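The block underneath contains the structure these notes are about, expressed in structure tokens.
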Amino acid sequence: MILPVNPPKDVTIEPTIPAEVINDVSEIDIITISDNTVSAVTAVINIKGVDKAYVLWEGQAYIDIGNWTQEQANTRILELI
């Protein structure tokens with residue numbers, strides 16, 4: 001699933017050494033979103049050929065989000081990148 005980034009933003013990809021800044025990212029590819037139904041929701045995304053894993057919610061935030069939607073996940077991914 002392609003998620004538009006509007007407006008485009010610069011994204012720092014870690015843990016590449018040194019950290020790599022990718023300029024003017026206008027879209028990201030969501031590879032997978034996993035909800036282990038115990039304690040966390042994670043996402044693997046691809047930004048211009050670089051894969052990155054993010055924890056969207058865990059612990060109390062996971063409990064608080066409850067039944068999350070794709071829109072909430074998209075918003076969270078955009079917050080984290």
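Beta carbons closer than 7 Å, at least 6 apart along the sequence or on distinct chains, pair a first residue in the range 1-17 that is of a type in the set (D, E, K, R) and surrounded by 11 or more Cβ atoms within 10 Å (Cβ to Cβ) with a second that is in a strand (DSSP E or B) and at pLDDT 75 or above for LYS9/VAL25.
Listed residues ASP51, ASP10; which is within 13 Å of the chain's Cα centre (by Cα) and not small (Gly, Ala, Ser)? After ruling out the rest, the residue left standing is ASP51.
Count of the range 38-53 residues, restricted to those that are modelled with pLDDT of 90 or more and surrounded by fewer than 16 Cβ atoms within 10 Å (Cβ to Cβ), is 5. Every listed requirement among (1) modelled with pLDDT under 80; (2) over 12 Å from LEU80 (Cβ atoms) is met by THR12 save one, (2).
The values are calculated or read from the model by the stated rules, or taken from the named source; none is laboratory data. In this text the structure is predicted, and so the values were computed from the model without any measurement. Here Cβ is always computed from backbone atoms with ideal geometry, including for glycine, and neighbour counts include all displayed protein chains.
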